[in-house]
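Take a look at the structure set out below.
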Amino acid sequence: MQRRIPPATRPPRRRPHRAVVLLLAPLLTLSSAAFTDVAKAVPTTAPAVPAAVPYLNPRLPVEQRVDDLIRRMTLDEKIGQMTQAERAAVADAPTRITDWYLGSILSGGGSTPTPNTAAAWVSMVNTFQRNALNTRLKIPMIYGVDAVHGHGNLLGATVFPHNIGLGSTRDPGLVKRVYAATAAETRASGVPWNFAPCICVTRDERWGRSYESFGEDPRLVTEMTTAIDGLQGDDPSRPDRVLATAKHYAGDGDTEYGTGEGDFTIDQGITVTSRADFARINLAPFVAAIRKHGVGTVMPSFSSVDWTEDGVGNPVKMHASRELITGELKGRMRFDGFVISDWEGIHQIPDPSVPAGAPRPTAAQVRISVNAGIDMFMEPNTAPQFQQLLKAEVTAGRVSQARIDDAVRRILRTKFRMGLFERPYAPADRIDVIGSAAHRKLARDAVARSQVLLKNSGKALPLRKNARIYVAGRNADNIGNQAGGWTIDWQGRSGDAIPGTTILEGIREVAPQARVTYSADASAPMTNSDVGVVVVGETPYAEGFGDVGGPIWQTGTPEQREPKLLTLQPGDRAVVEKVCGAVGTCVVLLVSGRPQVVTDQLGSMDALVASWLPGSEGAGVADVLFGQRRFTGRLPVSWPRSVDAVPVNVGDATYRPLFPYGWGLRT
Ligand code: GLC
């Protein structure tokens, strides 16, 4: 089944086209009516539950409250708790939340209230919550977003370096502080659940999600699971903490190139490995996330795993793997939180019993994924269908009541622990922490510490503050490019997308005495310049749309439409060649989510810096350029010598990167 049609002819996946939702609405309403009809057992007008009942008593132990509540629930109410819909499917008709007994709602990337302000977020979440509490048992819903480098969906939030940059700092304490600030800003906007951190281990930089990883070494990624402590703290019910999600379980960054799902080349592909290597590389961070940091939720990967010892050729989707979700995660690792599926993740489970184009999800996909151990289902636009199918599977005895009760227990336990029954509504009194000076200062510090100095011949760096500086390159003054994906839009957005400072603005701020000439395409005269600073690299992308050789947008912006490469885009190469060929000293900064193969131009560069995706505080880059801060960053991934040398990872039998894992010069 073609999971994704080329983006040319479809609206962005994250924001279902309003017309599409409106077209579906009658079906959904019909389905929900059908679903409600089937729920005759519990008329929604049944008497409210007296407030004195045990599950509403916060002084009782959580397990006792869970026992009491689950005893009272009908099958429809239980299945409702297992269902998560997208904001756009209920925003125009929030009573669907009540009708469908929804346990959760999410904002996909770029799915925001209008206006996109903190106050509007708080109001939106509370409106949804009011409808959730309008059910017989008044079970609060939990709202989730992807705040993967700060609350990137919210305009005005602090946007921190993506994980690849944080991995370069080698500082778990800093990562914890960054994610604690993210938690404070996310919860202040009314959202108590963050689908983060990604504790994926990126093993092939052709993967469009490499930048969401802390690095290629599972030990480094494991160290950085302190992000979970930052998000949850020791009490996730606090008004400045959120529920975290360890994702994507597991092997998402270790798939084989060429096995990608649909039109992706590697994203959502197949991890071909032994159980021993899978445990060592892909599972290790999850063991820490659960045993050391007590992560509240886990999200399976879209990818599949194919065991070499069983004879390759039998890939199993992670969303269908009972061995790895129930056996490994909930059994051996003793995970007691809940498992949330990825976006329509169960729709990818092979189902030969239906024609390729049959509506998703199918009965088999629901059955297989529930029985594999998934507890809550991210069904952005097919919530009623999912509910009807699951009810039919339970009624037919193909999904046990015990499995349903296990899923609901886990969800309720988490909601009690989150304090949502006592404080279901978001206060609006913490909004001023969003984008605060303190958080921006922390982000600027993280940016400075994430910079990796790869080459510095002739002591080109640090720059003199009174130098005549010629700044060029399309990423020098483009805050959207320096923020990357998951920023305002799912795919990110080039240009003046968010408040903050670009690298050029940082240069001007840190060195006001410098005589700065800026020319993005290096068309301005370069004479009398002491040093050239060329800032090039990638433009924003997310998921498989960032895969090297991946799908090409036929619509969208020119940046979205450029083919994703591991080398510099032709225009960038030309600017590097022009400036480094004309100015005596040439410093190149790469703003990208992954290494860029620049071997053939390295000789013309006096200095080379991996800036990664710094986010809103580009001035942090200037801090190290001018020596206000020392370069301390170290590579979290091996830097390939050529495109055909990828994948290259520390520990490979033959290991000849251009710059090795851990490389980083000091100033
Ligand atoms: C996406 C991503 C996942 C994200 C989810 C909700 O497809 O794979 O990381 O949390 O959908 O946006």
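Annotations for the structure displayed:
- Tabulated pairs, the range 402-424, first under 19 Å from Pro192 (Cα atoms) and part of a loop (DSSP other than H, G, I, E, B), second open to solvent by less than 30 Å² (accessible area, probe 1.4 Å) and among the polar types (S, T, N, Q), C-beta under 6 angstrom, 6+ apart or interchain: Met418/Ser237; Gly419/Ser237; Pro424/Gln129
- Cβ pairs under 7 Å, 6+ apart, first in the range 562-585 and under 27 Å from Gly550 (Cα atoms), second open to solvent by 50 Å² or more (accessible area, probe 1.4 Å) and assigned to a helix (DSSP H, G or I): Leu566/Val643; Thr567/Val643
- Extreme residue, farthest from the ligand (Cβ to nearest atom), among residues of the range 322-345 that are open to solvent by less than 20 Å² (accessible area, probe 1.4 Å) and over 20 Å from Trp193 (Cβ atoms): Met333
- Boolean, Ser31 is polar (S, T, N, Q) and at pLDDT 95 or above: no
- Any hit, the range 298-309, residues being in a helix (DSSP H, G or I), modelled with pLDDT of 95 or more, more than 19 Å from the chain's Cα centre (by Cα) and away from the ligand (no atom under 16 Å from the Cβ): yes
- On inspection, Val548 does not qualify as open to solvent by less than 10 Å² (accessible area, probe 1.4 Å) and at pLDDT 95 or above.
- Test: residue in the range 241-251 that is farther than 27 Å from Asp277 by Cα and open to solvent by 10 Å² or more (accessible area, probe 1.4 Å): yes
- Criterion violated by Gly419 - all others in (1) open to solvent by less than 10 Å² (accessible area, probe 1.4 Å); (2) more than 22 Å from Asp146 (Cα to Cα) satisfied: (2)
- Of the helices (runs of 4 or more DSSP H) contained entirely in the range 567-667, those carrying at least 3 residues that are within 19 Å of Asn481 (Cα to Cα) and at pLDDT 95 or above fall at 570-582, 619-625.
So that you can scan it fast, the table gives a plain yes or no per residue for (1) more than 13 Å from the ligand (Cβ to nearest atom); (2) in a loop (DSSP other than H, G, I, E, B); (3) open to solvent by less than 10 Å² (accessible area, probe 1.4 Å); (4) under 27 Å from Ala428 (Cα atoms):
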position	(1), (2), (3), (4)
Leu166	yes, no, yes, no
Arg177	yes, no, no, yes
Val191	no, yes, yes, yes
Ala196	no, yes, yes, yes
Trp207	no, yes, yes, no
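- Helices (runs of 4 or more DSSP H) contained in the range 70-126 and holding at least 2 residues within 16 Å of the ligand (Cβ to nearest atom): 87-90
- Among the residues of the range 529-555, those that are more than 16 Å from the ligand (Cβ to nearest atom), within 30 Å of Val516 (Cβ to Cβ) and assigned to a loop (DSSP other than H, G, I, E, B) comprise Ser529, Asp530, Glu538, Thr539.
The values are calculated or read from the model by the stated rules, or taken from the named source; none is laboratory data. Computed from a predicted structure; not experimentally measured. Glycine also receives a Cβ, built like all others from the backbone with ideal geometry; neighbour counts cover every protein chain displayed. Keep in mind that these areas ignore ligands, DNA and RNA; they rest on the heavy atoms of the full protein, side chains included. Shrake-Rupley method; radii C 1.70, N 1.55, O 1.52, S 1.80 Å.
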